[in-house]
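Read the figures in this text as sums done on the coordinates, not as results from a lab. Just so we're clear, the structure is a prediction, and the values are computed from it rather than from any experiment. Here the Cβ is made from the backbone with ideal geometry for all residues, glycine too, and neighbour counts use every protein chain on show.
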Amino acid sequence: MNNKLAINNLKDYAELAQASYFDFNLLKDSNGNPRKIYELDSNKEKIKDESYPRGYKEIEINLEHIVNQKYYNHEVLVNLEKGDDIFTKMKNEAKDSFNLDKLNGEFSEIQAKNFTKRYEVKIHQNNTLHGFSATLFYDKKNNQHIVAFRGTEGAMDYLTDFLFSVTSLNMQKNSLLQ
């Protein structure tokens, strides 16, 4: 492998490592249904449209929304249950009220466009209880699969890292094998 190819590979792998921290789990809900965001006008305001359940135009999230910094902190909507009864309405209002899901992409518009042209997300394992998370990408340019593992995050980070350092326990290994 020549130096130029090695440098390009390192650049590509660094980009995938960064992308692995984006919330790909927001593409679909636990039932496999696509999630949505509000469509915004040129002033970054929600577009009123009474034909949608929340009164504003909604669009399905795609890979570009996930990775693009233009959508950073954009609210991801919960999928509402269908029904006109009071219980369904109350459940939907509660889901909307407690929903804190937001997009966290950091790529520039050009980088996001290039990324989505080149890669597909095949499988994403969101953080497990033990901090394991991984994403399987498919590189359309080179016709290959690439897996990106990310480090532990949040409160479990300290506990998991501590257990790794003082014991032979590797709880993340079990998550990987599942």
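For the set Lys70/Lys117; Lys4/Lys141; Lys36/Lys89; Lys28/Lys95; Lys28/Lys70; Lys102/Lys140, the pairs lying more than 22 angstrom apart at their alpha carbons are Lys102/Lys140.
By how many nm would the segment from Tyr21 to Asp101 lengthen if fully extended, with 0.36 nm per residue of separation less the alpha-carbon distance?
Result for the pair: 27.3 nm of gain on full extension.
The charge dipole of the range 23-98, taken about the Cα centre with unit charges on the Cβ atoms of Lys, Arg (+1) and Asp, Glu (-1), comes to about 100 debye, rounded to the nearest 20.
The order of the peptides 17-29, 131-143 by mean Cβ neighbours within 10 Å, most packed first, is 17-29, 131-143.
Report the rotationally averaged projected area of the range 23-98 based on its alpha-carbon convex hull, in square nanometres.
That works out to 5.7 nm².
Provide the gained length on full extension for the span Glu93 to Ile7, in nm with one decimal, where the gain is 0.36 nm per separating residue minus the Cα-Cα distance. Full-extension gain reported as 25.9 nm. Applying 1/(1 + (r/R0)^6) with r as the Cβ-Cβ distance of Asp41 and Asn127 and R0 = 30 angstrom yields a FRET efficiency of 0.30. Put a dot 7 Å past the Cα of Asn33, heading toward its Cβ, do the same for Asp49, and the two dots end up 1.8 nm apart. In a fully extended conformation the segment linking Glu75 and Ala14 would gain 19.2 nm over its present Cα-Cα distance, using 0.36 nm per residue.
3J(HN,Hα) along the range 4-12: 5, 5, 4, 5, 5, 4, 4, 4, 4 Hz, from the Karplus curve 6.51 cos²θ - 1.76 cosθ + 1.60 with θ = phi - 60°, whole Hz, x for Gly and Pro.
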